[in-house]
Structure formats: structure tokens, C-alpha cells
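For reference, the structure is listed below as C-alpha cells.
The values are calculated or read from the model by the stated rules, or taken from the named source; none is laboratory data. These numbers were taken from a predicted model, which means no experiment stands behind them. Neighbour counts are summed over all protein chains in view; Cβ atoms, including those assigned to glycine, are modelled from backbone coordinates with ideal geometry.
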């Protein structure tokens, strides 16, 4: 046991160190490996050194190793094969498996207590199990189930398999659902042992339904916030296991992620001008539609040729990438355009909105894949300063993050979200596949402004044509 | 409840300190690293796998519910850990490649 304690201490330190190193570009990769190493020794140590209260070693090694081999192979393959564009879905899916794992642990522990004490004539559940032991089981089951169901829905939505759904009074319904789940689990604790299983499994079911309804109505643009929140939920669910087994490494790892994930969520909420409470009740997105300003008017198109000439002869071009760039896998073409424009003496930079794409930092990862250098990436505040001195802004498949309605239309669902103020530049070229509104379903007045020209087509195709065109000049 | 608190005093201290540490550590992250960081944190909460191993290793060999659910939990937990770290490494690999140039 002593050796295992030392292993757990080392693992806890690697988790903290790993997270710390992950926050610096120079050490991030090493940090990830260190945390992974800590996790490995914690797992191996647990398998071989863990002793239960009566001093027995674990058994069922065949099952344990079988599970690890299956999970390990499937996890590695999934993580290696996934396209960079599908990364957010993947993270959401892995988060869901963690939540499911936490919920299953609680269910097995509950089942264990239940089987050990039934059938009995007069035992009450609360007589057998101290509250301090039951609470982590209940919390792990509820939070893990919510996290699992929510992550699966988030995954489905991001991959386009699940559409937005909401109905009137859903906020109140969700709150009632959550209260019912808590009441039901409290009832299980206070029930006769023989019947305690029914309210407990009803609780798990209610938590699963809550997880589904919690994520379903939320619009695509808000999905990063949801994934980050569910990530911290799973952290807390893992920490419940720490209380359950008096296991400090589960506690450190879980709470660390729970706290860090919550902070990240709050930061993202701030960037989108929403309160966390609003997210928890599952109310944003979709539901506020109807009263927004109708955007009508004509838009004008620009030819590839004109766009190429305008950009080649300008001093400064800022590229605003969005999800369209990711979908079209156009990051390499984008970097190539940047290089040939620079060869012609044009200053090229990228403006990155904090929530561009489907996850914060999504665009940074994509552009990094294409070898775009760090110092070309401007954060929102910097970019908004520079737009004033910019000749051409090229928007590649971004929509909501440049929508002026966020500034001037209080009825818009994104009102109050800080945006990239591209209309400060002399000319705005917008590349989109069609005039259809973006993922969040909101019309964009920017497209109808006299400064704006539309360049329709798939981002990759358009960029390749632009490159060919610029080369001939 | 009070008994429980005094019995778990150490754990409560850990929770409090970890909450502040988690916030401190992530507070200085540049937005460039938000996605890898979220993914890395996602892998770290895969530590729940340890609970799954304990559940599995303690299950009686005739309790099929515990065996099957525990087995599932081990698979899902491993997916979280392995998938999480590999995906994060892949993302960060792209940053690294550029630094070498």
C-alpha cells in the first residue's frame, strides 16, 4: 500500500505539472506526455498493488486487461484516424465515455450494496450505508449520466446527425427534471432496502433524459461552451469516485479538471455575453428568434479575378477564418495564398475570434497544421485595432463572429457578443458556399453592406483559384 | 454530516486547494492552446478508470451484473484516457513541427 501511495502522489504531481505545461506553447506537448505517464503508472499501480479494506488484492485480471486492451486499441485508432476538422466531436465523445464510466461505477457500487443486503425484512437503506458513502455514489451516477448523455448529443449535433429541438417551457421542465432526479435519489436513501433500487435507477434514467434535453436546444455556435462545461462535469464525477474509494489521485485529477473546466466555460460565456446560469438551464440558441431585424437588400458578388487583383495590390490583408475553412480542409491553401501574397509585398495576417469554428482555439490548431506562424495570428482586440488600417478583409467561412447584429440589434440572439469589426476595413470579401445563414441560423447584415462583396464557393476551391490568379499577375 | 466532514477533513482540504490550483493553472493559457488544453484536461479526468479497475477487481465471479458493467466501465474509461492523450498529442504535434523549422 505504501508504494501505491507514492505512485498516486507522483501521478497527482504529473497532472498538475501537465496542465501547467499545457498552458505554454513551448512545453505543451511534453506536459501532455508527462500527464499521460503519470496516468499510466497510476493505472498499473492500481492493478497490481491495490488492496481492499480487508487486505485482499484485486482479481478478475482477465476482465481488466481485456477491457484495457479493447479500450486502448479503439481509443488509439479513433484518435489517430479522426480528421482535424472533426476534433471537437472526438473530444466530446471521449468526454462522454468518461462520464459513462463514472456512472457505471456508481451503478455497480449501488448494486453491490443492494445485493449484499437483500432480501431483508426491516432494513432501511440509510441504516446500512452512511450518508458520506451514499452521496458520492448518487452524485457520480447523476453527474456521470448527464455528462454522458449530453456529450453524445453534442457529438451528434457537431457531426450533423442531431438537429436542434426545443419546446415551450423547456427551461422549467429541465429544472423540474433535475429536482425530480435529486428527490428520487434522496428517496432511495430513505427507502426500505428491498425497494431502494427502483428510485435509484429512476434517478439514473432522469439524469440521462436531463442530459439529452439540456444539450438539444442549444445552437451550434454555443456548442464549445457546452463541451467545456460537460468536461468539467465529468471531472467532478471522477472526483466522486475519489471520495467513494478514499482515492486521492482520483480526487486531485477530477477536481483539477472540474475547476479548470469551469473557469474555461466561464471565460467562453463571457466572450459570448451569456451567464453560466443561462447555459445551465439550457435556454440559449434557437428560442429567441422571430423579432430580429429583417435583413433585406441586395448583395454584390466579386469575381475571382477582381478579388485576386484587389488583394495583390493592397498593403494589408487580414484573413478571418471560420468553420467553413475547417469543413473545406482549406488551411493549406490558405497558407499558400498567404505566402504568395507576401511575396508580392502584401502584409497578411489572420484575425482569430475566440469562438471561431466549433471550439475555442479550433482555428489556431488548423492553421498550425498548415504551418502558419504564430505571430501572424491576431487575437480579437489586436485585430479590431488593425482593421482600421486594413485594405482587404477576406472572410473564409466565418459568419456569426463577424455579424454586426451582435453590436446593433438587441433582438438578435447573439446581441452583446464581441465580434471582429471587419466593417472598419476598406473592403470586405466574404467567401461562403451560399447565402444561407450560418450554423446559428442568424441572418448577417454584413453581407448586404456596400463595402462587402460576396465570393461564393467552397473555401478550398476558391482559394486555389485565387492562388492561380494571383500567380499570373 | 459533521462526522463525515471531520472524517474526510484531508479530502476537503484537497478539494479546496485543487479548485484554486485548477483556476490558477488555466488562467494564464493563451487562447491558441484552448482546444489542446480542453482535450488534455479531458484525458486527465479519465483518471476515473482507476475507480473502474477497483470495481472490476472487486467483483465476485458470480455477480454478472457487476462483471459486465465493470468491464464496460474499464473499456469506456480506457477510451477516455488513451483517446484523450493521443488526440491531444496529435494536436500539439502540429505546433511542434513548426517550431523545429
Looking at segment A:400-411, can you tell me whether even one residue there is under 21 Å from residue A:325 (Cα atoms), in contact (Cβ under 8 Å) with a residue 60 or more places away in the chain and part of a loop (DSSP other than H, G, I, E, B)? no
I'm told residue A:19 meets every condition in (1) within 7 Å of chain B (Cβ to nearest Cβ); (2) assigned to a helix (DSSP H, G or I); (3) closer than 23 Å to residue B:72 by Cα except one. Can you identify the failing condition by its number? (3)
Considering only segment A:167-182, how many residues are surrounded by fewer than 18 Cβ atoms within 10 Å (Cβ to Cβ) and within 10 Å of residue A:217 (Cβ to Cβ)? 2
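Considering only segment B:1-55, give the helices (runs of 4 or more DSSP H) lying wholly within it that have at least 3 residues that are closer than 16 Å to residue A:27 by Cα and at the interface with another protein chain (Cβ under 7 Å from one of its Cβ atoms). Talk me through it step by step, then tell me what you get.
Working: elements: B:2-7, B:9-27, B:34-44.
It comes to B:34-44.
Do we have any residue at all in segment A:192-199 that's in the same structural domain as residue A:158 (by TED's automatic domain parsing), surrounded by fewer than 24 Cβ atoms within 10 Å (Cβ to Cβ) and either outside any helix (DSSP H, G or I) or in contact with a strand residue (DSSP E or B) (Cβ under 9 Å, 6 or more places away or on another chain) (or both)? Give the derivation first.
First, pick out the residues of segment A:192-199 that are in the same structural domain as residue A:158 (by TED's automatic domain parsing): A:192-199.
Adding the requirement that they be surrounded by fewer than 24 Cβ atoms within 10 Å (Cβ to Cβ) leaves A:192-195, A:197-199.
From what is left, the residues that are either outside any helix (DSSP H, G or I) or in contact with a strand residue (DSSP E or B) (Cβ under 9 Å, 6 or more places away or on another chain) (or both) are A:192-193.
Within segment A:192-199 (the criterion being in the same structural domain as residue A:158 (by TED's automatic domain parsing), surrounded by fewer than 24 Cβ atoms within 10 Å (Cβ to Cβ) and either outside any helix (DSSP H, G or I) or in contact with a strand residue (DSSP E or B) (Cβ under 9 Å, 6 or more places away or on another chain) (or both)), the answer is yes, since at least one residue qualifies.
Just to be sure, is residue A:227 under 15 Å from the mean Cα position of the chain (by Cα), more than 14 Å from chain B (Cβ to nearest Cβ) and closer than 30 Å to residue A:356 by Cβ?
Answer is no for this residue.
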Here is a list of conditions, (1) at pLDDT 95 or above; (2) farther than 28 Å from residue B:21 by Cα; (3) out of contact with any helix residue (DSSP H, G or I) (no Cβ under 6 Å at 6 or more places or on another chain), and residue A:33 meets all of them except one; can you say which number that is? (2)
Touching a residue at least 60 places away in the same chain (Cβ under 8 Å), touching a helix residue (DSSP H, G or I) at 6+ places or on another chain (Cβ under 8 Å), surrounded by fewer than 24 Cβ atoms within 10 Å (Cβ to Cβ) and closer than 25 Å to residue A:265 by Cβ: which single residue out of A:366, A:378 fits that description? A:378
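Look through A:144, A:254, A:156 and report the one residue that is part of a helix (DSSP H, G or I) and either closer than 30 Å to residue A:401 by Cβ or not assigned by TED's automatic domain parsing to the domain that holds residue A:103 (or both). I'd like the intermediate steps shown before the answer.
Working: A:144 fails: either closer than 30 Å to residue A:401 by Cβ or not assigned by TED's automatic domain parsing to the domain that holds residue A:103 (or both); A:254 fails: either closer than 30 Å to residue A:401 by Cβ or not assigned by TED's automatic domain parsing to the domain that holds residue A:103 (or both).
Being part of a helix (DSSP H, G or I) and either closer than 30 Å to residue A:401 by Cβ or not assigned by TED's automatic domain parsing to the domain that holds residue A:103 (or both) holds for just one of A:144, A:254, A:156, which is A:156.
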Out of A:108, A:82, report the one residue that is free of Cβ contacts under 8 Å to residues at least 40 places away in the same chain, within 18 Å of residue A:247 (Cα to Cα) and either within 7 Å of chain B (Cβ to nearest Cβ) or buried (at least 18 other Cβ atoms within 10 Å of the Cβ) (or both). A:108
So, residue A:212, is that one in a helix (DSSP H, G or I) and within 14 Å of chain B (Cβ to nearest Cβ) or not? no
So how many residues does segment A:318-371 have that are outside any loop (DSSP other than H, G, I, E, B), under 27 Å from residue A:414 (Cα atoms), away from chain B (no Cβ under 14 Å) and at pLDDT 85 or above? 5
